[in-house]
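Any read-out appearing in this document is the output of simple, stated calculations on the displayed coordinates, not a laboratory observation. The structure presented is a predicted model; accordingly, all values stated were derived computationally and were not measured. We place every Cβ from the backbone using ideal geometry, glycine too, and count neighbours over all the protein chains shown.
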Amino acid sequence: MSSCETSNIDAQSEITGNWMLKNVFLSDAIDTPCGWEAGEHEPLTLNITRDGDSYSFSGKSAVNNYFGTFSILSYNETTRTGKIKSGPIGSTKMAGPAPLMNCEQRFFNQLETAIDFSIDENGILKIGTFRNENSHPRDGGYYLIFEKK
């Protein structure tokens, strides 16, 4: 690890709190949280809390409430990016219209498979898989974009 990278994020207070999903970045395009086919829906939320070195999250998805945990593996203060590992997501089991259920599944999959996060200077939280030097030229990454509530 370089001198700018730590295994314990110094910006811990920045990642904790209540977030609302604003957009989804899909390699080279920005999508709404649930896509056009879902129409109007309640906002997707993410509440992150910290207990020691572990983090818990919960919130409201397109249909169900959900919860889980994650660990911060590293954080680079200069680039304001880090690596995370998420555990499985649990949720309530209500059914809803197919477009909202598809939105929820996409959201849960992205949270569970996320390996990268960043918090930019404007307080925007991105969680997902970012483009790297080994990425295909057309692969710009895939991540969720949150704003604090």
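Quick notes
- Its residue count N fixes a reference of 2.2 N^0.38 Å for region 28-149, and the Cα radius of gyration divided by that reference is 1.08.
- Cα gyration tensor shape for region 39-85, rounded if a/c is under 1.5, else prolate or oblate: oblate
- Sorting the segments 117-127, 102-112 by their mean number of nearby beta carbons within 10 angstrom, highest to lowest, gives 102-112, 117-127.
- Per residue of the chain, the DSSP helices (runs of n ≥ 4 H) give a summed -39500 (n - 2.57) that works out to -4000 deg cm²/dmol at 222 nm.
- Annotation: peptides 78-91, 14-27, ranked by per-residue average of other Cβ atoms within 10 Å with the highest first, follow the order 14-27, 78-91.
- Residues of type lysines that Lys148 reaches as a straight line, Cα spacing below 25 Å, ignoring anything fewer than 8 places off in the same chain: Lys22, Lys60, Lys83, Lys85, Lys126
- Separation of region 53-76 from region 78-95 is 4 Å, based on Cα centroids.
- Peptide packing for 58-69, 42-53 was compared via the average number of neighbouring C-beta atoms within 10 Å per residue; ordered from the highest value, the list is 58-69, 42-53.
- Karplus 3J(HN,Hα) series, Hz, for region 55-61 with 6.51 cos²θ - 1.76 cosθ + 1.60 (x for Gly, Pro): 10, 10, 9, 7, x, 10, 8
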